[in-house]
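Input: a single structure, listed below in structure tokens.
The values are calculated or read from the model by the stated rules, or taken from the named source; none is laboratory data. No experiment lies behind these values; they were computed from the predicted model shown. Heads up, the Cβs are rebuilt from the backbone with ideal geometry, glycines too, and the neighbour counts pull from every protein chain shown. Surface accessibility is based on the protein's heavy atoms, side chains included, excluding ligands, DNA and RNA. Shrake-Rupley method; radii C 1.70, N 1.55, O 1.52, S 1.80 Å.
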Amino acid sequence: MEGIINAPEFPEGLEWLNTDRPLRLRDLRGKVVLLDFWTYCCINCMHILPDLKKLERKYADSLVVIGVHSAKFFTEQETENIRQAILRYDIEHPVVNDSQMVVWTLYGARAWPTLVLIDPEGKIVGYHAGEGAYRVFDPMIARVIQAAEAKGTLRRGALNFALERDKEARTVLRFPGKVLADERTQRLFIADSGHHRIIVASLKDGTVQTVIGSGEMGFQDGSFAQARFNNPQGMAYDAEADVLYIADTDNHAIRKADLRTRTVETLAGTGEQSHYYPPRPGKGRETALNSPWDVVLVGETLFIAMAGSHQLWRLNLKTLEVQPHAGTGREARIDGPLRGSALAQPSGITTDGKKLYFADSEVSCIRAADIDPDGILETLVGGDLFEFGDKDGVGSQARLQHPLGVVYVDGVLYVADTYNNKIKRLDLRTRRIETFLGTGAAGARDGDNPTFDEPGGISYANSKLYIADTNNHLIRVADLKTKRVETLQLRGLEAAKPPALHRQPSRQTLEPIEVGTETPTLSLRVRLPEGHKLNPSAQSQVRVVAQRATVQGKAETVLPLRALDTPIPVQLAAEHATLDLHLLVYHCRVGQEGLCYFYEAQLSVPLVRAGNAQQATVEVAVSR
């Protein structure tokens, strides 16, 4: 296949991410290039990311994918926010910030997502708008590669880019999407979405009680330690049965975690995204779902904010029948009878027992739907698909920006107005919504004038709001009376060691250390980033495995790291010995103990009996 139209070059002066330099199409001659026009709020753009990964893996030596981020919402124009989205969705290709839609216009894009295929000679050879990227482009790329190879224009060899994720320190929480506080059991459930697991902690003191899920991305039932999730979000808890229901978003499934038996099972969804329109009801595990984002329990019915199909669904927990409750599947804001209404990416849901209230994120609205299937749906506050902003007011005069979370409390809805970095208060009687917490600026300041960074989830217990402050990797706690905000300090973090998302730390072998005695003391010195300290809410440690030596009389032992200098008393059994050190270091900024960083390293330290030294120091610099 041959192209005729030259692909327009990227304009100069744009900001690039996931690469250490701006890219030019002329420098990519010889490569097949796939442009992905996206915006990070868009559920359809999220749906094609797995397709892009498959294409990148399959054609690693020939294909270069470039994300062109052409923002819908104001906050999405900011490069730092795009960088956070790249980290959250684990995007591994270069991304350019097309904040003013210049590249979008050059290529004639009209919808998110739009994909454009460019051959090795710089000609446009393919164009597709919407989902199904792999199915469309896999055969097309294969033909382009075959033709270019025959002409001698293909340049094989994978390109390496400086990814944003390699610059980031690991945190104990990673992009927590939702949070659920239960007053009756004094438990706090945290969707540690970026680590693909649920953390259960005490409401009283933040102590981690258990972790649901191995932390490895996947779709697997079984024990808490074996189960796997993929970007879990909203949760609902049944205290009588001690069961947690989980919207396993990127597995397109509803999962059930039994806190008594410590097991996870799938109730609905096949693990694959539904592409049916209109969506089809059916038996739970036989029925494909489409990005369930949040859930709420009413009696024996679990209501689901089905973001991907722009609907509300309901799951009968007795029969496990699952079916649409509101919305046709069309993306729009249409009120009226439930069956004829239209929604736009509902992403948060709550109830007063009579109505369902939900954050309809793409229309930046808060809406209400009757629980009765023969009821109606209405918009309480907000505008439409391209009517958004930050304006307090009544009904349709108010403006929000991509709200993701909502919770009902005594006639009031508290809303996580995500892209405005605020928590807002909606009086259901007057339908007036106004800012309750937050300045609008992104930040993580506690106190009487707090700041947030794209908060995505919100819950209530004990006269307090619990907020999943997603981009800050924090859980924040707000007192409803005083409006004072504090960052939750999780304790007992050893039970919630973050999983290795991409690779285990490689073992580094140090230069041999000479010692002049059979019983030298090795001092392990940890250098933290400036302004950081060891986190007092977690136990840092070093595991020592000695070869031809012992430490404290043992060949293998674990020493707590209570200070930045830790002595390791060694007994040599030969002239040449080795200590293998596995460090787990939890650290935080002084005065910001709620955000816990995690550092892991493996060192091999050769010891040689020679010279006169009685002591030696091994220094480890913890990267930020």
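From (1) open to solvent by less than 20 Å² (accessible area, probe 1.4 Å); (2) over 23 Å from ARG88 (Cβ atoms); (3) not in a strand (DSSP E or B), pick out the condition that doesn't hold for ALA478.
Status for ALA478: all satisfied but (3).
Being farther than 14 Å from HIS47 by Cα, among the charged types (D, E, K, R) and touching a Gly at 6+ places or on another chain (Cβ under 9 Å) is the requirement here; does GLU240 meet it?
In short, no.
Go through region 169-199 and give me each residue that's under 18 Å from LEU297 (Cβ atoms), surrounded by fewer than 24 Cβ atoms within 10 Å (Cβ to Cβ) and in contact with a Pro (Cβ under 8 Å, 6 or more places away or on another chain).
Within region 169-199, no residue meets the criteria.
I'd like to verify a number: residues in region 364-422 that are among the acidic types (Asp, Glu) and under 20 Å from LYS72 (Cβ atoms), how many?
So the count comes out to 4.
Please verify whether region 148-159 includes one or more residues that are hydroxyl-bearing (Ser, Thr, Tyr), part of a helix (DSSP H, G or I), at pLDDT 95 or above and touching a helix residue (DSSP H, G or I) at 6+ places or on another chain (Cβ under 9 Å).
Looking through region 148-159, none of the residues is hydroxyl-bearing (Ser, Thr, Tyr), part of a helix (DSSP H, G or I), at pLDDT 95 or above and touching a helix residue (DSSP H, G or I) at 6+ places or on another chain (Cβ under 9 Å).
For region 230-281, how many residues meet the condition of being modelled with pLDDT under 95 and either assigned to a strand (DSSP E or B) or acidic (Asp, Glu) (or both)?
Residues flagged as modelled with pLDDT under 95 and either assigned to a strand (DSSP E or B) or acidic (Asp, Glu) (or both) within region 230-281 amount to 0.
Within the group SER214, SER223, which residue is on the phi < 0 side of the Ramachandran plot and in contact (Cβ under 8 Å) with a residue 60 or more places away in the chain?
Within the list SER214, SER223, the selection yields SER214.
Name the pairs: first residue in region 323-341 and at positive phi, second residue in a strand (DSSP E or B) and β-branched (Val, Ile, Thr), Cβ to Cβ under 9 Å, at least 6 apart or on different chains?
GLY327/ILE334; GLY336/ILE376
Just checking, how many residues over region 334-344 are outside any strand (DSSP E or B) and in contact with a Gly (Cβ under 8 Å, 6 or more places away or on another chain)?
2
Looking at GLN100 and the list (1) of a type outside the set (Phe, Trp, Tyr); (2) assigned to a strand (DSSP E or B); (3) without any contact (Cβ under 8 Å) to a residue 24 or more places away in the chain, which single condition is not satisfied?
With respect to (1) of a type outside the set (Phe, Trp, Tyr); (2) assigned to a strand (DSSP E or B); (3) without any contact (Cβ under 8 Å) to a residue 24 or more places away in the chain, GLN100 is out only on (2).
Out of the residues in region 91-114 that are more than 30 Å from ASP192 (Cβ to Cβ) and under 24 Å from the mean Cα position of the chain (by Cα), state the one that is surrounded by the most Cβ atoms within 10 Å (Cβ to Cβ).
By that ranking, first place goes to ASP98.
Which of (1) on the phi > 0 side of the Ramachandran plot; (2) surrounded by 21 or more Cβ atoms within 10 Å (Cβ to Cβ) is the odd one out, the single condition GLN233 does not satisfy?
Failed condition: (1).
Hey, which of the strands (runs of 3 or more DSSP E) in region 368-440, taking only ones fully inside, have at least 1 residues that are open to solvent by 30 Å² or more (accessible area, probe 1.4 Å)?
Per the criteria, 376-382, 405-409, 422-427, 432-437.
Limited to region 514-555, what total is found for residues that are of a type outside the set (A, V, I, L, M) and either open to solvent by less than 10 Å² (accessible area, probe 1.4 Å) or at positive phi (or both)?
Looking only at that region, the number is 7.
Give the residues of region 441-450 that are under 24 Å from the mean Cα position of the chain (by Cα), of a type outside the set (D, E, K, R) and in a loop (DSSP other than H, G, I, E, B), sorted by residue number.
Of everything in region 441-450, those that are under 24 Å from the mean Cα position of the chain (by Cα), of a type outside the set (D, E, K, R) and in a loop (DSSP other than H, G, I, E, B) turn out to be ALA441, GLY443, ALA444, PRO450.
Considering only region 76-90, state which residues are open to solvent by 10 Å² or more (accessible area, probe 1.4 Å) and over 17 Å from ARG165 (Cβ atoms).
Correct list: GLN77, GLU78.
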